[in-house]
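Q: Let me begin by handing over the structure; questions about it come next.
The values are calculated or read from the model by the stated rules, or taken from the named source; none is laboratory data. What you are looking at is a predicted structure, and each value in this text was computed from that prediction instead of being measured. Because the Cβ atoms are built from the backbone with ideal geometry, glycine has one as well, and the counts that use them run over all protein chains shown.
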Amino acid sequence: MRKLDRYNRRDFLGVATGAIAGLITASLAIPAVAYIVGPALRKNETEEWILLGSTSKVEIGTPTLFKTKIERQTGWILNVTELSVYALTEDGRRYVVMSNTCTHLGCRVRWIADQNQFFCPCHNAAFDKEGLVVSGPPPRPLDRYEVKVEDDLLFVRGA
Ligand code: FES
């Protein structure tokens with residue numbers, strides 16, 4: 001009888017040790033697997049709507065610069081990037097939002113109100129206020145974003 005108790009105690013200790021080792025392994029493995037697989041399961045960031053700001057900031061007929069920060073989680077790493085775009089409206093209802101990145105080699109364009117054009121200083125390119133190429137080497141107009149307005153707030157998608 002005493003021999004049987006010892007045998008059962010030994011079995012119990014073996015099972016308990018195995019269970020504790022299993023818990024420790026799982027507590028290390030689950031975060032590691034989530035880190036590796038998580039980003040692949042996450043929704044595509046280009047589907048997110050990004051808030052730019054109030055539509056009241058956009059002066060009719062004049063491209064208006066908006067800057068906003070975008071936070072994206074990749075695994076355990078949080079990346080923060082800045083998005084700079086120009087919003088244009090001619091009627092206060094429909095909006096066009098354009099990238100401020102030149103379509104030639106990626107320099108930043110800026111709005112020159114006196115000349116009613118965007119100017120790229122890298123190779124002296126010019127775009128009209130709709131983003132169409134006026135002069136210089138850019139192969140295409142400024143890129144545009146999908147836009148929506150909700151409660152007088154301007155959002156873009158596709159950044
Ligand atoms: S990068 Fe803008 S004109 Fe070359």
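Q: Listed residues VAL149, VAL134, VAL80, VAL156; which is part of a strand (DSSP E or B) and in contact with a helix residue (DSSP H, G or I) (Cβ under 7 Å, 6 or more places away or on another chain)?
A: Of the residues listed, the single one that is part of a strand (DSSP E or B) and in contact with a helix residue (DSSP H, G or I) (Cβ under 7 Å, 6 or more places away or on another chain) is VAL149.
Q: On the basis of being under 25 Å from the mean Cα position of the chain (by Cα), more than 16 Å from the ligand (Cβ to nearest atom) and of a type in the set (Ser, Thr, Tyr), does TYR86 make the cut?
A: Judged against the criteria, TYR86 is not a match.
Q: Among the residues that make up segment 101-112, is at least one of them at pLDDT below 95 and among the charged types (D, E, K, R)?
A: The first filter runs over segment 101-112 and keeps only residues at pLDDT below 95, leaving none.
Checked segment 101-112: no residue is at pLDDT below 95 and among the charged types (D, E, K, R).
Q: Among the residues of segment 104-130, which ones are away from the ligand (no atom under 13 Å from the Cβ) and within 20 Å of LEU52 (Cα to Cα)?
A: TRP111, LYS129, GLU130 - these are the residues of segment 104-130 that are away from the ligand (no atom under 13 Å from the Cβ) and within 20 Å of LEU52 (Cα to Cα).
Q: Considering only segment 111-131, state which residues are part of a strand (DSSP E or B) and either among the β-branched types (Val, Ile, Thr) or loosely packed, with under 14 Cβ neighbours inside 10 Å (or both).
A: ILE112
Q: So which of THR101, THR81 ends up being assigned by TED's automatic domain parsing to the domain that holds ILE60 and within 13 Å of the ligand (Cβ to nearest atom)?
A: Exactly one residue qualifies, and that residue is THR101.
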